[in-house]
Amino acid sequence: MSGFEQPIRIGMVGGGRDAFIGAVHRMATRLDQSMQLVAGALSSTRDKSIASGLDLGLDEERCYESWERMIADEAARSPEDRMQALVIVTPNHVHFPVAKAAMEMGFHVICDKPLAMNSAQADELVDIQSRTGLVFGVTYNYTGYPMVKQARHLVRSGALGEIRKIIVEYNQGWLSTPLEETGQKQADWRTDPSRAGMGGAMGDIGSHAENLVSYVTDLEVTRFSSDLTAHVPGRQLDDDASMLLQFENGARGILTVSQICTGCRNDLRLRVWGTQGGITWHQETPDRLVQTSLDGPEQIHHRADSSLCDASLSATRLPGGHPEAFIEAFANLYRSMAEAIRAGLDDGQRYDYPTVRDGARGVKFIEQVVSNSGDGWSVLR
């Protein structure tokens with residue numbers, strides 16, 4: 001982004017005091033000065049929402065008591081002053097009504113995952129976006145990592161040959177105990193079906209795993225067999241999920257996610273093998289991508305190597321050996337979405353960000369995996 005381009009003005013719903021992911025989003029928007037927070041409805045309670053906005057230095061008149069009030073009041077402002085896009089970083093059950101209302105008032109939308117509570121809501125958001133032409137990004141942030149972009153390049157360039165086998169796993173241990181019973185905020189809503197939706201670990205981190213496979217390989221799942229379990233007594237949603245996958249080209253895959261792998265932190269791994277070679281990427285060592293070949297030595301790609309693809313290099317800010325990771329990946333998405341908003345063109349392929357259609361596909365995947373758990377092989381519709 002050049003110094004002559006003005007940041008996109010954004011409002012935010014959620015992400016107030018004591019929230020985790022909202023602060024990450026705000027840091028990411030500031031990294032390239034791609035977007036500027038000008039308004040917020042940052043909490044579900046009036047006093048906390050206004051106080052959270054004041055904490056962030058927002059004008060008092062733009063610290064809103066509710067998202068409904070924010071959308072209405074911002075829409076009444078002059079085009080040169082009002083927010084241009086709305087960022088949604090709330091528990092899952094709030095995503096749909098806010099995104100729908102924002103688009104209907106002419107605002108672009110950036111929404112955390114999963115996109116909605118069910119496929120009917122997701123389809124409605126797709127329809128509204130198609131009708132309005134507004135930019136709608138979904139923050140599957142792992143697609144923003146430079147070495148994930150290099151993995152995508154290697155797969156799609158044919159360097160691995162025809163893809164045969166895919167394994168993606170996302171292991172955490174933070175819900176190994178009934179943490180929700182202590183009142184811990186993140187555990188409380190993520191284990192509550194009324195706020196999280198029908199998927200627990202599957203909806204929370206399984207959504208990332210599904211999207212990562214789709215982004216890197218561009219392969220559609222056609223059939224699956226799933227098994228979801230709640231290991232912690234009394235827990236209403238799954239905390240462990242595994243499935244076998246069949247892809248459109250005949251490749252086979254395994255997707256496994258868990259939040260009861262005691263001692264694991266954020267262990268996201270992707271492995272892909274084809275007829276000519278394979279790749280391995282691990283989120284906890286994100287600057288490395290391992291490539292194997294049919295008859296040659298193992299090759300390790302490092303972030304910022306001059307031999308990497310253009311997409312990987314353009315997503316890199318620092319010289320190799322200076323770690324880049326989670327917030328920078330978010331920032332890459334925000335920079336891409338800002339470019340799309342300036343162009344007035346919702347095009348995830350051209351600008352390289354996940355769209356509302358990626359989000360809808362993920363919701364349908366979660367919905368069917370949960371509904372068909374333990375029922376043998378099912379066709380993905």
With a cut-off of 8 Å between alpha carbons and a minimum separation of six or more residues, what is the relative contact order of region 148-279 in percent? 41 percent
Simple spin-label estimate for residue 17 and residue 123 in nanometres, 7 Å along Cα-Cβ: 4.3 nm
Can you list the residues, at least 5 places off or on another chain, whose amide H is less than 5 Å from the amide H of residue 84, using H built in the peptide plane? 9, 10, 11
Please give me, ordered by residue number, the GluC sites (Glu not before Pro) of region 110-204 that lie in loop per DSSP and have at most 12 other Cβ atoms within 10 Å. 162
Just name one of 193, 205, 167: the one whose Cα is farthest towards the positive end of the charge dipole of region 146-210 (beta-carbon charges, Lys/Arg +1, Asp/Glu -1). 167
Within region 218-299, list the trypsin sites (Lys or Arg not before Pro) lying in a DSSP loop whose Cβ has at most 14 other Cβ atoms in a 10 Å radius. 265
With +1 on each Lys and Arg Cβ and -1 on each Asp and Glu Cβ, and nothing else charged, work out how big the dipole of region 1-131 is about its Cα centre, in Debye to the nearest 20. 200 debye
Simple spin-label estimate for residue 325/residue 6, 7 Å along Cα→Cβ, in nm, reads 3.7 nm
Choice from 158, 197, 14 with maximal GNM fluctuation in the chain (Cα, 10 Å cutoff): 158
Express in nm, to one decimal, how much length is gained between residue 68 and residue 276 on full extension, taking 0.36 nm for each residue of separation and deducting their alpha carbon distance. 69.5 nm
Which one of 259, 217, 244 has its Cα pushed farthest toward the positive end of the charge dipole of region 117-276, where Lys and Arg give +1 and Asp and Glu give -1 at the Cβ? 217
Please work out the C-alpha center-to-center distance from region 1-43 to region 263-301 and express it in whole Å. 33 Å
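If you place +1 on the Cβ of every Lys and Arg, -1 on the Cβ of every Asp and Glu, and leave all else neutral, what size is the dipole of region 253-381 about its Cα centre, to the nearest 20 Debye?
For this selection, approximately 260 debye.
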If the chain between residue 347 and residue 165 were fully extended at 0.36 nm per residue, the gain over the current Cα-Cα distance would be 62.6 nm
Alpha carbon centre of region 46-98 versus region 203-262: separation in Å? 34 Å
Proximal lysines to residue 185, defined as alpha-carbon separation beneath 24 angstrom and excluding residues fewer than eight positions away on the same chain: 48, 113
Within the chain, what's the longest stretch lacking chymotrypsin sites (Phe, Trp or Tyr not before Pro) that sit in DSSP loops with no more than 13 other Cβ atoms inside 10 Å? 21-376
Which entry in (i) 139; (ii) 127; (iii) 171 is this structure's computed volume of the Cα convex hull per residue in Å³? (i)
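Shape call for region 66-186 from the C-alpha gyration tensor, a ≥ b ≥ c root eigenvalues: rounded (a/c under 1.5), prolate (a/b greater than b/c) or oblate?
On the way: a/c = 2.35, a/b = 1.35, b/c = 1.74.
Because a/c hits 1.5 or more and a/b fails to exceed b/c, region 66-186 counts as oblate.
About its Cα centre, what dipole magnitude does the chain give when the only charges are +1 on Lys and Arg Cβ and -1 on Asp and Glu Cβ, stated in debye to the nearest 20?
420 debye
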Taking R0 as 41 Å, what's the FRET efficiency between residue 285 and residue 375 from their Cβ-Cβ distance, rounded to 0.05? 0.65
In deg cm²/dmol and to the nearest 500, what is the mean residue ellipticity at 222 nm of the chain if only DSSP H runs of at least 4 residues count, each as -39500 (n - 2.57), divided by the residue total? -10000 deg cm²/dmol
Hey, got a sec? Which GluC sites (Glu not before Pro) in region 274-341 land in a DSSP loop and have at most 12 other Cβ atoms within 10 Å? 284, 298
Among residues other than residue 128 whose Cβ falls under 13 Å from its Cβ, what is the net charge (Lys/Arg +1, Asp/Glu -1)? -2
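Coordinate-derived values only; no laboratory data. Note that the structure is a prediction, hence the values are computed from the model and not measured. Virtual Cβ from ideal backbone geometry, glycine too; neighbours counted across all protein chains shown.
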